[in-house]
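Novice: I am attaching a structure below and will ask some questions about it afterwards.
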Amino acid sequence: MRQGLICDARRDYGTRTLNFSTDKDIQAVADVEQLQQDYLARIADADLAALEEIRIAALGKQGAITGLLKTLGGMSAEERQDQGPRINGAREAVTAAIAARKDALESEVLNARLASEAIDLTLPVAPSPQGSVHPVAQVMDELAEIFADLGFAVATGPEIESGWYNFTALNMPETHPARAMHDTFYFPDRNAAGEEMLLRTHTSPVQIRTMMGQKPPIRIIAPGRTYRSDSDATHTPMFHQVEGLVIDKGITMAHLKWTLETFVKAFFERDDIVLRLRPSYFPFTEPSAEVDVGFTVEKGKRVIGGDPTGPNGGWMEILGSGMVNPKVIEHCGLDPDEWQGFAFGCGIDRLAMLKYGMDDLRAFFDGDLRWLKHYGFSSLDVPTLSGGVSA
Ligand code: PHE
């Protein structure tokens, strides 16, 4: 029906030259206004396709309003002055209404598209993370966090080492009996420089690499994999250690003891932990001390902390340590009269077992998903001193 009206309008105004004289004049003016209103009404509820039809019908080459505009040329100046603004007004009103409606329709379409294609950025990337962080990785993160707070950087070294870094530089020459004690995995071939090659038996070669590679003062920890030919419930051929090394001026055993106490208390998150230093021997430290930590038995389980001299208490060894042997400092090209330091080495797997209550080390490396599900940590739990180092 609407379409019909437009066609009528085109027939009436698009092709006829209006002859403005009194009655007809009034009629034409009324028609222009009527025409404009009709168009505006149609535009108001047109969709995009209908809008284009209306535009062609009104303003196209053969359009009704275009036709009216053409009649202006045949009018007297007076008529034109009267009719010009009306016809032009209709053209402007219809043009503006079409543009506004088009804008509104287009943003409606865009809004609908945006709403239907929306991505909810507040949703977690993986709502249920798959897999878990292995307790060893978790403990390494905890160690890095605790020691970073004490001013220690994390250092690393290769797992395939030469005999020089793993033994000789650490004051264990080829004939030294301690070399045999390490149950070392040797490679069948020597390296290009003719050195024997092996899987590092401890993280101590990182001490050497660090002292040779950077100027003191030095404060590092070096966590990583280590290897010895040994296997039972508490030993696996591959295991993890963390090395600590401080080289500075005027360093004493007191610094060592304070650092270890601070570390152990932060790691086990208890203040009532006591350490006992027992004289020991390592070729690369002098004097050397093995460090025991006090435990108490709670509900049949050993728990770090409490009174080790009480009825439920005892001591267990957790690490080896000592003052860096002056010979080692010298091997690294430093003057032992100027620089002193302490070092310690600690089994990470054992720390994890003590803190998180596993009792068979072999399960750490079986890759059993049930074990990992039970003992693993969420990847979103990052240890922080402020939020708690354990998950
Ligand atoms: N490297 C020693 C070990 O594996 C531990 C240790 C490190 C002892 C540093 C003293 C100083 O048993």
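The values are calculated or read from the model by the stated rules, or taken from the named source; none is laboratory data. Treat the numbers as computed from the prediction; the structure is a model and nothing was measured. So basically every Cβ, Gly included, is an ideal-geometry build from the backbone, and we count neighbours across all protein chains shown. The area values use the complete protein model at the heavy-atom level, side chains included, leaving out ligands, DNA and RNA. Shrake-Rupley method; radii C 1.70, N 1.55, O 1.52, S 1.80 Å.
Novice: Arranged from highest to lowest average of other beta-carbon atoms within 10 Å per residue, in what order do the peptides 202-215, 332-345 appear? Intermediate values should be presented prior to the final figure.
Specialist: On the way: 202-215: 21.0, 332-345: 18.1.
Ranked by mean Cβ neighbours within 10 Å, highest first: 202-215, 332-345.
Novice: State the antiparallel share, in %, of DSSP beta bridges confined to segment 135-372, rounding to the nearest 5.
Specialist: Details: 49 of 51 bridges.
DSSP beta bridges in segment 135-372 are roughly 95 percent antiparallel.
Novice: Can you give the accessible area per residue of the chain, in Å², using a 1.4 Å probe? Display every interim value, and only then the final one.
Specialist: Details: 20960 Å² over 391 residues.
On a per-residue basis, the chain sits at 54 Å².
Novice: Residue 72 versus residue 379, label points 7 Å from Cα toward the beta carbon: distance in nm?
Specialist: 7.0
Novice: Right, next: With everything on Cα atoms, drop me the angle between helix 135-149 and the longest principal axis of the chain, reported from 0 to 90° to the nearest 10.
Specialist: Value to nearest ten degrees: 90.
Novice: In Å and whole numbers, how far do the C-alpha atoms of segment 152-250 stretch along each principal axis, longest first?
Specialist: Each principal axis gives a Cα extent; for segment 152-250 these are 39, 36, 24 Å.
Novice: Moving on to the next point. Once the principal axes of the Cα atoms of segment 135-372 are found, what is the range along each, listed largest first in whole angstroms?
Specialist: Over segment 135-372, Cα extents along the principal axes are 56, 43, 31 Å.
Novice: Then there is this: Taking the highest mean first, how do the peptides 314-324, 254-264 order by number of other beta carbon atoms within 10 angstrom per residue? Show your work: numbers first, answer last.
Specialist: Details: 314-324: 19.5, 254-264: 17.5.
Sorting 314-324, 254-264 by mean packing, highest first, produces 314-324, 254-264.
Novice: How many nm is it between the label spots at residue 110 and residue 365, if each spot is 7 Å from the Cα in line with the beta carbon?
Specialist: 6.2
Novice: On to the next question. Exactly which trypsin sites (Lys or Arg not before Pro) in segment 288-375 are in a DSSP loop and have at most 11 other Cβ atoms within 10 Å? Mind showing how you got there, number by number?
Specialist: On the way: sites: 299, 301, 302, 327, 350, 355, 362, 370, 373; in loops: 299.
Filter output for segment 288-375: 299.
Novice: Separate question: Which residue fluctuates most in the GNM of the chain (Cα springs below 10 Å): 157, 376, 63?
Specialist: Of 157, 376, 63, the most mobile in the Gaussian network model is 63.
Novice: Could you work out what % of the accessible surface of the chain is carbon and sulfur, using a 1.4 angstrom probe and leaving DNA, RNA and ligands out of the count? Could the numbers behind the result be given before it?
Specialist: Numbers: 11240 of 20960 Å².
Exposed carbon and sulfur together represent 54 percent of the surface.
Novice: Next question, about the same structure. Any of 249/327; 327/355; 257/301; 215/327; 257/373; 265/327 with alpha carbons more than 25 Å apart? Name them for me.
Specialist: Numbers: 249/327 16 Å; 327/355 36 Å; 257/301 27 Å; 215/327 17 Å; 257/373 37 Å; 265/327 32 Å.
Cα-Cα > 25 Å for 327/355; 257/301; 257/373; 265/327; rest within.
Novice: Want the number for residue 272 to residue 156: 0.36 nm per residue separation, take away the alpha-carbon distance, what's left? Display every interim value, and only then the final one.
Specialist: Numbers: separation 116, 0.36 × 116 = 41.76 nm, distance 3.23 nm.
The residue 272-residue 156 span can extend by a further 38.5 nm.
Novice: How far, in degrees from 0 to 90, does helix 253-268 lean away from the longest principal axis of the Cα atoms of the chain, to the nearest 10?
Specialist: 50
Novice: If you take the Cα atoms of segment 244-306, find Rg, then find the Kirkwood Rh from the mean of 1/r over all pairs, what is Rg/Rh?
Specialist: On the way: Rg = 13.8 Å, Rh = 13.2 Å.
Using only Cα positions, Rg/Rh for segment 244-306 is 1.04.
Novice: Okay, next question. Only helical DSSP H runs with n ≥ 4 go in: add -39500 (n - 2.57) per run for the chain, normalise by residue count and round the 222 nm mean residue ellipticity to 500 deg cm²/dmol. The partial results should precede the final answer.
Specialist: Working: 13 runs with 162 residues, N = 391.
The per-residue figure over the chain is -13000 deg cm²/dmol.
Novice: Whole angstrom only: what separates the Cα centroid of segment 35-66 from the Cα centroid of segment 292-330?
Specialist: So the two Cα centres are separated by 91 Å.
Novice: Provide the gained length on full extension for the span residue 386 to residue 122, in nm with one decimal, where the gain is 0.36 nm per separating residue minus the Cα-Cα distance. Intermediate values should be presented prior to the final figure.
Specialist: Numbers: separation 264, 0.36 × 264 = 95.04 nm, distance 2.53 nm.
Full-extension gain reported as 92.5 nm.
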